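Notes for the one structure printed next.
The values are calculated or read from the model by the stated rules, or taken from the named source; none is laboratory data. Note that this is a predicted model, so its numbers are computed, not measured. Note: ideal-geometry Cβ built from the backbone for every residue, glycine included; neighbour counts use all protein chains shown. When the accessible area is computed, the model is the full protein with side chains, heavy atoms only, and any ligands, DNA or RNA have been set aside. Shrake-Rupley method; radii C 1.70, N 1.55, O 1.52, S 1.80 Å.
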Amino acid sequence: MSNCIFCKIVAGTIPATKLYEDDDVLAFMDIGPIVKGHVLVIPKTHTETIGQTPPETLAKVIAVVRRMARAQQAGLGADGINIHQSNGAAAGQVVPHIHFHVIPRFKHDGHHWNWTAQSYADPSEVAALADRIKAALD
Ligand code: 5GP
Ligand code: ZN
């Protein structure tokens, strides 16, 4: 994708602070970290969402996500790690090249997820939604 910013980082036509790369996967520092030390991990081949990305590719990406998380703990002394991944504008995806955020977390780092739990009206509402998801499994 010639106009994709992450494809340009893969190609080396725009700079990034790279941490690791192999034939399939690239890890680099996020330019706007939620917490300092925030890493992005991407497949080198352009796909937009998790649903469009082959499972074999995702397996390679997740192996690097795991290595980054371990390195943030060992190298930065992170107390915890968040893995975050958005699909589609409705989910807050800004860059339309699939990426996993690997975010080091520290006690008192000041970040709080805006995560408000909703509740179901009754058990049948949960069951109906579960049935629709199960019926659509491929
Ligand atoms: P999204 O909101 O799509 O899940 O995340 C996109 C991420 O890409 C953001 O965290 C943003 O800071 C990062 N980002 C956007 N443009 C660039 C860039 O040119 N270089 C780097 N290193 N990160 C970028
Ligand atoms: Zn791309």
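Does at least one position in the range 7-24 carry a residue that is near ligand 2 (Cβ under 9 Å from one of its atoms) and in contact with a Phe, Trp or Tyr (Cβ under 9 Å, 6 or more places away or on another chain)? For the range 7-24, residues near ligand 2 (Cβ under 9 Å from one of its atoms) and in contact with a Phe, Trp or Tyr (Cβ under 9 Å, 6 or more places away or on another chain): present. Residue by residue through the range 90-104, note down the ones that are open to solvent by 40 Å² or more (accessible area, probe 1.4 Å) and either near ligand 1 (Cβ under 9 Å from one of its atoms) or in contact with a His (Cβ under 7 Å, 6 or more places away or on another chain) (or both). Once the filter is applied, which keeps residues that are open to solvent by 40 Å² or more (accessible area, probe 1.4 Å) and either near ligand 1 (Cβ under 9 Å from one of its atoms) or in contact with a His (Cβ under 7 Å, 6 or more places away or on another chain) (or both), the range 90-104 yields Ala91, Gly92, Val94, Pro96. Might you let me know whether the range 59-76 holds any residue that is under 21 Å from Ile5 (Cβ atoms) and in a loop (DSSP other than H, G, I, E, B)? Within the range 59-76, not a single residue is under 21 Å from Ile5 (Cβ atoms) and in a loop (DSSP other than H, G, I, E, B). Here Phe6 fulfils each of the conditions (1) within 26 Å of Asn114 (Cα to Cα); (2) open to solvent by less than 30 Å² (accessible area, probe 1.4 Å); (3) within 11 Å of ligand 1 (Cβ to nearest atom) apart from (1).
All conditions in (1) touching a Phe, Trp or Tyr at 6+ places or on another chain (Cβ under 7 Å); (2) under 28 Å from Asp138 (Cβ atoms); (3) touching a residue at least 24 places away in the same chain (Cβ under 8 Å) hold for Ile83, with the sole exception of (3). Residues in the range 77-101 that are assigned to a strand (DSSP E or B) and either closer than 20 Å to His46 by Cβ or out of contact with any helix residue (DSSP H, G or I) (no Cβ under 7 Å at 6 or more places or on another chain) (or both): 5 in all. Sort out which residues of the range 38-56 are open to solvent by 30 Å² or more (accessible area, probe 1.4 Å), among the β-branched types (Val, Ile, Thr) and either touching an Asp or Glu at 6+ places or on another chain (Cβ under 8 Å) or within 9 Å of ligand 1 (Cβ to nearest atom) (or both), and write them in order of number. Result: Thr45, single match. Condition (residue is under 29 Å from His112 (Cβ atoms), more than 14 Å from ligand 1 (Cβ to nearest atom) and open to solvent by 40 Å² or more (accessible area, probe 1.4 Å)) applied to the range 19-37: is it met by at least one residue? For the range 19-37, residues under 29 Å from His112 (Cβ atoms), more than 14 Å from ligand 1 (Cβ to nearest atom) and open to solvent by 40 Å² or more (accessible area, probe 1.4 Å): absent.
Farther than 28 Å from His112 by Cα, within 16 Å of ligand 2 (Cβ to nearest atom) and in contact (Cβ under 8 Å) with a residue 40 or more places away in the chain: is that true of Thr57 in this structure? Here the answer is no, as Thr57 does not meet what is asked.
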